[in-house]
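Chemist: Dropping a structure here in structure tokens format, bear with me for questions.
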């Protein structure tokens with residue numbers, strides 16, 4: 001028996017599949033799930049770029065004038081962003097907001113992409129650990145946490161589920177970010193398909209994030225351009241057609257999968273992530289630290305290369 | 001018309017006089033306080049956590065103490081306030097951290113009285129969530145304590161500190177929609193309203209909202225806030241109430257209604273129709289005031305005015321953002337309008353820059369440090385609670401009940 005709950009947040013649908021256990025009544029399991037959904041909705045209210053009353057909008061408005069104090073969860077999430085920015089040589093960079101807006105991915109009028117690119121740079125983000133504050137050191141710098149928002153919300157939801165005694169569950173946001181708690185009954189892992197011809201992901205208390213350049217697009221010079229931008233060049237990326245990361249937490253998985261998509265190569269660090277990507281030529285490239293969770297046998301991909 | 005003419009015109013209109021009264025700097029950034037504050041929080045549930053989230057924006061505020069009778073919830077919430085010392089009871093908190101200036105009370109409604117009165121007795125300023133209490137006796141006791149103590153006491157009815165609502169109210173008060181003919185309010189949010197508990201012994205206590213003996217139900221927990229908005233807009237309280245509650249969506253053994261309807265009658269025949277349900281989320285939470293020259297829809301972070309064709313035009317409307325609602329076009333009521341008009345960005349100013357709770361918390365902090373007028377006093381909290389308590393009684397007994405001034409009295 002399982003209970004399914006869902007909510008709309010961050011422009012997508014989040015779903016929780018909670019496996020019942022004999023000691024927990026269904027109403028109790030649902031109540032726990034609702035508490036977890038509330039965490040996701042709260043993360044959306046906090047991190048939305050499109051809500052004026054979000055904490056993120058507050059940071060973007062005020063962060064260049066002075067440091068903005070944030071709650072511990074937001075601060076920890078921003079520190080993960082910092083870690084992945086460093087590990088990816090800047091391929092993952094949440095200060096991409098002005099560039100996204102200028103390229104038309106935020107709706108509204110487009111702007112000067114070159115001018116916007118000059119305002120992109122995580123190096124302008126300074127952390128004040130003593131005051132748990134974030135400072136944007138250059139006016140015009142703005143964060144877009146769309147690449148990690150789903151992971152962050154799911155991490156908080158999973159924390160709530162675990163704290164309340166849920167030992168088996170699968171959570172996802174828009175099917176691209178997944179958190180597995182425990183395993184399904186009588187099975188050794190949650191198995192998540194990455195698509196036809198792709199390996200399966202085997203998850204047990206692990207998180208998966210899948211990024212691809214398709215999805216939201218804009219038309220430029222008669223061409224369709226994807227929404228994942230290289231923050232170093234301002235261009236839409238297309239060298240990798242699918243990037244998947246398995247990590248201990250979903251925030252890290254989300255950030256690392258975006259970095260992988262942009263960079264086209266596994267991160268220098270952190271080492272606890274397992275990565276898989278498919279090049280535009282159709283070749284799979286795989287990097288694992290100790291235990292591999294991508295099941296190539298199950299997929300029989302046409303081309304397989306293991307780094 | 002040149003842009004300069006436009007600005008002159010905008011400044012010259014009656015509606016804009018209300019806009020100019022808003023302080024733009026209050027709307028965007030947490031203001032520095034005249035003095036740093038150390039505060040405690042009693043009640044570490046969802047509302048307590050939301051309060052912590054808003055307090056964390058203020059550099060001058062330290063959450064020094066935190067209290068909840070549920071150990072798991074206390075530990076979970078303590079993570080969000082690392083500087084706070086956790087306590088299992090408010091009495092221990094008040095004894096253990098004596099240097100706090102103010103206490104936020106976010107316990108279950110029927111448990112507001114003890115921490116609110118004890119905090120006042122200990123010389124603390126108090127922000128108490130609304131509804132103020134679940135019985136008239138408790139509400140009256142809190143009012144008496146607040147009168148005796150020379151401290152700030154604010155009830156957490158957030159409409160009164162919401163800049164968009166203040167603006168909307170100024171329009172209503174200045175006759176923009178003319179004579180009020182009817183009102184409607186709703187709260188819809190699909191959820192079971194249960195609080196999880198890993199300890200069966202704690203489940204009943206944590207699920208006080210579903211216990212008809214303790215709870216004011218949806219009418220109290222949500223309606224009281226929405227009714228208070230309309231009391232404040234109209235400067236009137238209802239004179240009668242009828243209500244009914246049913247279990248429509250959550251047939252899980254509960255006794256508390258998941259769907260309620262109420263009719264609140266005002267002097268002169270104006271009616272407020274209210275619906276609250278846990279079975280559907282469509283259109284969420286809003287209040288609506290309909291007048292002979294227009295209607296106002298208030299949705300906490302946003303508000304719109306819908307004008308009748310024969311209503312007088314106010315200049316600023318021409319440049320305001322508009323939103324289509326099926327066949328009707330709403331003019332967005334804009335907080336921060338003067339500043340945005342100066343920047344030529346009037347159309348961009350849609351929605352509040354912070355959640356409504358932020359403004360309630362800000363108002364309280366500034367009342368404490370700078371003697372800013374209290375947004376919602378204990379007496380106003382009592383009146384809002386009294387209306388909700390009477391509505392709840394009407395719901396439980398299936399009666400039409402009067403609401404008169406005797407309910408609002410404190411001996």
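Just so you know, all these numbers are worked out from the coordinates, no wet-lab data involved. Here the structure is a predicted model, which is why all the values come from computation and not from measurement. Note that we place each Cβ from the backbone using ideal geometry, even for glycine, and neighbour counts take in every protein chain shown.
Chemist: If the label point is 7 Å along Cα→Cβ of residue A:21, which residues in the stretch A:151-167 have backbone nitrogen under 18 Å from it?
Modeler: So the set is A:158-167.
Chemist: Sorted from largest down, give the three principal axis spans of the alpha carbons of the stretch B:24-159, whole angstrom values.
Modeler: Extents along the principal axes: 38, 38, 27 Å.
Chemist: What nm distance separates the two modelled labels at residue A:279 and residue A:196, each placed 7 Å from Cα along Cα→Cβ?
Modeler: For the pair residue A:279/residue A:196, the computed spacing is 2.4 nm.
Chemist: Please rank B:393, B:124, B:209, fewest neighbouring Cβ atoms within 10 Å first, as an exposure proxy. Write out the running numbers ahead of the final one.
Modeler: Details: B:393 15, B:124 25, B:209 18.
Ascending Cβ contact count within 10 Å gives the list B:393, B:209, B:124.
Chemist: Can you give the translational diffusion coefficient of the stretch A:154-290 in µm²/s, computed by Stokes-Einstein from the Kirkwood radius over Cα pairs at 25 °C and 0.890 mPa s? Can you show the working numbers first?
Modeler: Values: Rh = 15.7 Å.
D = 156 µm²/s.
Chemist: Could you calculate the FRET efficiency of residue B:75 with residue B:189 from 1/(1 + (r/R0)^6), where r is the beta carbon distance between them and R0 is 25 Å, rounded to 0.05? Mind showing how you got there, number by number?
Modeler: Working: r = 27 Å, r/R0 = 1.09.
With a Förster radius of 25 Å, E is 0.40.
Chemist: Calculated from DSSP H runs of 4 or more alone, at -39500 (n - 2.57) each and per residue, what is the 222 nm mean residue ellipticity of chain A, nearest 500? Kindly include the intermediate steps, with their values, before the conclusion.
Modeler: Working: 7 runs with 89 residues, N = 307.
That calculation yields -9000 deg cm²/dmol at 222 nm.
Chemist: A follow-up question, please. Over chain B, what is the relative contact order in whole percent, taking alpha-carbon pairs under 8 Å and six or more residues apart? Let's see the in-between values first.
Modeler: Values: 849 pairs, mean separation 84.7, N = 411.
That works out to 21 percent.
Chemist: For the stretch B:92-130, list residues with backbone N below 17 Å from a point placed 7 Å from the Cα of residue B:35 toward its Cβ?
Modeler: B:98-103, B:120, B:122-127
Chemist: For chain B, find the longest principal axis of its Cα atoms and tell me its angle to the long axis of helix B:136-148, 0 to 90°, nearest 10.
Modeler: 80 degrees
Chemist: Provide B:184, B:383, A:285 in ascending order of the number of other Cβ atoms located within 10 Å of each residue's Cβ, fewest first. Provide the component values of the computation, followed by the final result.
Modeler: Working: B:184 17, B:383 24, A:285 20.
Ordered from fewest to most neighbouring Cβ atoms within 10 Å, B:184, B:383, A:285 come out as B:184, A:285, B:383.
Chemist: Once the Cβ-Cβ distance between residue A:298 and residue A:186 is put in as r, and R0 is 25 Å, what FRET efficiency do you end up with, to the nearest 0.05? Spell out each step's value before the answer.
Modeler: Numbers: r = 18 Å, r/R0 = 0.74.
Efficiency, from the Cβ-Cβ distance: 0.85.
Chemist: Return the Cα extents of chain B along principal axes one, two and three, sorted largest first, each rounded to a whole Å.
Modeler: Ordered largest first, chain B gives principal extents of 68, 51, 41 Å.
Chemist: Express the relative contact order of chain A as a whole percentage, based on alpha carbon pairs under 8 Å and six or more residues apart in sequence.
Modeler: Relative CO of chain A lands at 17 percent.
Chemist: Can you give the Rg and Dmax of the protein assembly as shown based on its C-alpha atoms, in angstrom?
Modeler: In order Rg, Dmax, the Cα atoms of the protein assembly as shown give 26.7, 84 Å.
Chemist: Here is a further query. What does a probe at residue B:242 reach in the stretch B:253-297, counting residues whose amide N is under 12 Å from the point 7 Å along Cα→Cβ?
Modeler: Taking a point 7 Å out along Cα→Cβ of residue B:242, the residues of the stretch B:253-297 whose backbone N falls under 12 Å are B:262-265.
Chemist: Let me ask something else. Divide by every residue of chain B the summed helix terms, -39500 (n - 2.57) for each DSSP H run of at least 4, and state the resulting mean residue ellipticity at 222 nm, rounded to the nearest 500 deg cm²/dmol. Before the final figure, lay out the partial values.
Modeler: On the way: 14 runs with 139 residues, N = 411.
Here the helix-only value at 222 nm equals -10000 deg cm²/dmol.
Chemist: What distance in nm separates the simple spin-label points at residue B:59 and residue B:372, each placed 7 Å from Cα in the Cβ direction?
Modeler: Those two pseudo-labels are separated by 1.7 nm.
Chemist: Per residue and in cubic angstrom, what volume does the convex hull of the Cα atoms of chain A have? Working shown, then result.
Modeler: On the way: hull volume 41.3 nm³, N = 307.
Taking only Cα atoms, chain A has a hull volume of 135 Å³ per residue.
Chemist: Return the tail of the calculated pair distribution for the stretch A:55-146, meaning the percent of Cα-Cα pairs more than 22 Å apart.
Modeler: Details: 987 of 4186 pairs.
So the portion of pairs separated by more than 22 Å is 24 percent.
Chemist: For each of A:214, A:106, count neighbouring Cβ atoms within 10 Å of the residue's Cβ, then give the residues from fewest to most. Numbers along the way, then the final one.
Modeler: Working: A:214 12, A:106 16.
With the fewest neighbours first, A:214, A:106 line up as A:214, A:106.
Chemist: Could you give the alpha-carbon Rg of the stretch B:101-210 over 2.2 N^0.38 Å, rounded to two decimals?
Modeler: Values: Rg = 18.1 Å, N = 110, 2.2 N^0.38 = 13.1 Å.
Here the Cα radius of gyration is 1.38 times the empirical estimate.
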